[in-house]
1. Ordered by packing density, taken as the mean number of other Cβ atoms within 10 Å over each peptide's residues, highest first, how do 77-84, 163-170, 176-183 rank?
2. Based on Cβ point charges of +1 for Lys and Arg and -1 for Asp and Glu, what charge dipole magnitude is obtained for segment 63-108 about its Cα centre, in debye rounded to the nearest 20?
3. Could you calculate, for segment 134-276, the ratio of the Cα radius of gyration to the Kirkwood radius, expressed as Rg to Rh?
4. Tell me the relative contact order for segment 2-47 as a rounded percent, counting alpha carbon contacts under 8 Å between residues six or more apart.
5. Note down the magnitude of the dipole of segment 134-276 about its Cα centre, charges +1 on Lys and Arg C-beta and -1 on Asp and Glu C-beta and zero elsewhere, to the nearest 20 debye.
6. Among 243-255, 1-13, 128-140, how do they line up from the highest to the lowest mean number of other beta-carbon atoms within 10 Å?
7. Can you pull the one-decimal nm distance between simple spin-label points at Val227 and Arg18, each 7 Å off the Cα toward Cβ?
8. Give me the distance in nm between label points sitting 7 Å out from Cα along the Cα-to-Cβ direction at Arg277 and Asp172, one decimal.
Amino acid sequence: MERREEFVRLARLPGANRAELCRRFGVSRSNGYKWLRRFETDGTTALAERSRRPESSPGRTPWWLEARVLAVRSENPTWGGRKIRRVLETEGVASAPSPSTITEILRRGGVLDGPRAGERRAWTRFEHAEPNLLWQMDFKGHFALQGGGRCHPLTILDDHSRYALEVGACGDEQTQTVRARLTEVFRRHGLPRRILADNGPPWGTAGADTPHTALSVWLLDLDVGLVHGRPYHPQTQGKDERFHRTLKADVIARQSFDTLDKAQAAFEAWRALYNERRPHGPSTTRPRAHATA
């Protein structure tokens, strides 16, 4: 401030060589004349350093919209930019921010986690052309119940639409348990053409001397094909594996359950949210029902 005040005082003297003064004070001519204009308009206080922030930012997301983005994220801590944008569009927000802008809002809000949070990643999507051509089925890793025993979540996902057909709180992974669950799913959604399952009981193992189990024989009798993923290649059932990760983050890791019934109630509430409200990208089609064989 003292240097600027001195510069202005000398530059305002009669006959002052302002260009030479700028050189001696080590400032550009544009800055020197800017200080003079400010002084002549508002006096000494105008020589103080001013913020470079623009008075208005027409391209900035409105505060209320940023607040809504953070609110949706708070309600659904595992959702990213694309899903939150779909929710805003569903709510009728005419100028919903792009997924990348929403990601930046989440980053500024301090709610992104993980070492690669928000990074763009290359991906290739494989899916069947129509619903009910292929289902993916597997058990999520079991967990302890507070009242004793363990819960074995059985998940069934449609490969085309990613519609969650079943999230069952099972007490074991036996054939009769899986068969009873499948029977109810068949009644609701019809029979699929094929089911993709893991290797081992109760599904059966491809390429083994005795590849069939009681469950696989029952499915074949219903004219439902049973195929198996490659051993030690969980990416074959990538959609179901990703579904398990979401199930764990949204439900299993966030609460505990005393009984299988309470776990089942929580699974059903979350399954409705997953199917009916949670965005899944451009290919979100409810599976069509087929005539039961």
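1. Working: 77-84: 17.8, 163-170: 21.8, 176-183: 16.0.
With the highest mean Cβ count within 10 Å placed first, the list reads 163-170, 77-84, 176-183.
2. Values: 8 positive and 5 negative charges, 33 e Å.
It works out to roughly 160 debye.
3. On the way: Rg = 14.7 Å, Rh = 15.5 Å.
Computed over Cα atoms, the ratio is 0.95.
4. Values: 26 pairs, mean separation 16.6, N = 46.
Result for segment 2-47 is 36 percent.
5. Values: 17 positive and 18 negative charges, 61 e Å.
Rounded to the nearest 20 debye, it is 300 debye.
6. Values: 243-255: 16.0, 1-13: 13.8, 128-140: 19.2.
In descending order of packing, they fall as 128-140, 243-255, 1-13.
7. 8.0
8. Rounded to a tenth, the inter-label distance reads 3.7 nm.
FYI, it's all coordinate maths here, none of it is from the lab. None of the values given here were measured: they were computed from a predicted structure. Here the Cβ is made from the backbone with ideal geometry for all residues, glycine too, and neighbour counts use every protein chain on show.
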